[in-house]
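Here's the structure we're looking at; comments come further down.
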Amino acid sequence: MIRISQPLITDREREAVLAVLDSGHLAQGEKVAELEAAWARLCGVRHAVAVSSGTAALHLALLAHGVEPGHEVITTPFSFVATANAILLAGAIPVFVDIEPDTFNIDATRIEAAITPKTRAILPVHLYGQPCDMGALTRIAGAHNLALIEDCAQAVGAEYEGWPVGSFGTGCFSLYATKNIMAGEGGIITTDNSAIADRLRLLRNQGQRERYQYECTGYNYRLTDLQAALALAQLEGLTYVTRRRQGNAAYLSEHISRPGIITPIVREGRTHAWHQYTVRFDGPEWHARSRRQAAIVALEAAGIEARVYYPKPLPWEPHLQGRCRAGNDTHAVDAAYSALSLPVHPGLNDDDLARIAREVNRL
Ligand SMILES: *Cc1c(COP(=O)(O)O)cnc(C)c1O
């Protein structure tokens, strides 16, 4: 079976984790500090703060920027549920602004109409690994004095006009097992703002600055040295992993030519990290939906795992009813019934790629 994702573990990862086990220091320590320094360098920012998950990263980023109950945070209706959950955890109201149909990312031209006096932050998601329109987003955030918090969970290594994601606002990354750089679980927050970084470090560790001196209510959102060592080893392979994903995506786009199936695009001036390679089925909803379902079954029978990220727009989720604001989300609804992700991970060989293209063309 060609899986939709597969962690890439080499001897480098094995040795790094064993060295931490032998050191006797497993909790947050030197390895976490090393990972933070490496991640800050990667994003070209002054600070990186490691936490226990991407969700924790988003939650703390919102809190550190002063997002409180009653505030509104503008985000995309087409993302993993963690994006919206982090806003709810901060007590704020997710305000959903529709996506661009071809990039699946938030449509920056629709954001200003959704801003109210209660808006505190914009939370764009670089979905599947393609950067959002960061030129427009930084302009809007600046003009309205809003925090800009980037959900970079799927986009480590991607760039907009030569600048890495996570360097425009406060960046939130995930080290979950399926992500491009992983540690099983984990998260990283990037920022140039020293006051925000200080606040993040307090919040992740019980509000504690010195031992047993508590400045605020905090969480236990710490990362372990075991995870940090694994992530550091992974980070050494980032260039390789990103090139492999880009090469695999280029192959699929060149070889998939099935009428009715639209291959993904990359906007000018952006590099794509290809966390997912996501095609769309065109046509009216009932037609796209049934062809997509048939494709999943046929590909499965051919030994290829294809997945739907994501089957429902976020404003439709039961736990968000009455707790969010949604306007026109036509394109998010379309994406939810028409998008299908195919394997693109670096573990694919030439035969795997040829088989994926062949079986898609045969649908
Ligand atoms: C994975 C993911 C998250 C959450 O990260 P976790 O580490 O699983 O908590 C948030 N947003 C997006 C877009 C993701 O893909």
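The values are calculated or read from the model by the stated rules, or taken from the named source; none is laboratory data. Since the model is a prediction, treat every value here as computed from it, not as a measurement. Every residue, glycine among them, receives a Cβ derived from its backbone with ideal geometry; neighbour counts consider all protein chains shown. We work out accessible area using only protein heavy atoms, side chains counted, and drop any ligands, DNA or RNA first. Shrake-Rupley method; radii C 1.70, N 1.55, O 1.52, S 1.80 Å.
Numbers for the structure displayed
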{"read-out": "Largest to smallest accessible area among 282, 151, 133 [probe 1.4 Å]", "value": "282, 133, 151"}
{"read-out": "Taking N as its residue count, the alpha carbon Rg of the chain over 2.2 N^0.38 Å", "value": "0.98"}
{"read-out": "Selected from 223, 137, 21 as most flexible by GNM, with the chain as the system and alpha-carbon contacts under 10 Å", "value": "21"}
{"read-out": "Cα centre as origin, Lys/Arg/Asp/Glu Cβ charges: the chain dipole, Debye", "value": "380"}
{"read-out": "Accessible carbon and sulfur surface of the chain relative to its total accessible area, %, 1.4 Å", "value": "51"}
{"read-out": "Antiparallel DSSP beta bridges within segment 1-153, as percent of all bridges there, nearest 5", "value": "10"}
{"read-out": "Leading residue at positive end of dipole, segment 268-351 (Cβ point charges), from 327, 343, 313", "value": "327"}
{"read-out": "Probe 1.4 Å, all protein chains present, accessible-area order of 53, 79, largest first", "value": "53, 79"}
{"read-out": "Kirkwood Rh, Cα atoms: Rg over Rh of segment 71-221", "value": "0.97"}
{"read-out": "Span from the segment 38-117 Cα centroid across to the segment 147-206 one, whole angstrom", "value": "11"}
{"read-out": "Residue 161-residue 268 pseudo-label distance in nm [points 7 Å out on the Cα-to-Cβ vector]", "value": "1.4"}
{"read-out": "Approximate spin-label separation residue 316-residue 81, in nm, with each point projected 7 Å along Cα-to-Cβ", "value": "1.5"}
{"read-out": "Three-way shape label, segment 257-324, alpha-carbon gyration tensor, a/c 1.5", "value": "oblate"}
{"read-out": "Accessible area (Å², per residue) of the chain, counting only protein heavy atoms and a probe of 1.4 Å", "value": "42"}
{"read-out": "Length added when fully stretched, residue 257-residue 294, from 0.36 nm per residue minus Cα-Cα", "value": "11.6 nm"}
{"read-out": "Where trypsin sites (Lys or Arg not before Pro) fall in DSSP loop in segment 73-164, at most 14 other Cβ within 10 Å", "value": "118"}
{"read-out": "Order of exposure, largest accessible area first, which applies to 334, 351 with probe 1.4 Å", "value": "351, 334"}
{"read-out": "Globularity index of segment 249-363, i.e. its alpha-carbon radius of gyration over 2.2 N^0.38 Å", "value": "1.16"}
{"read-out": "Loop-exposed GluC sites (Glu not before Pro) per DSSP, neighbour cap 12 Cβ within 10 angstrom, longest uninterrupted part of the chain", "value": "1-160"}
{"read-out": "Pairwise label distance in nanometres, residue 195 with residue 68, each label 7 Å out on the Cα-Cβ vector", "value": "1.5"}
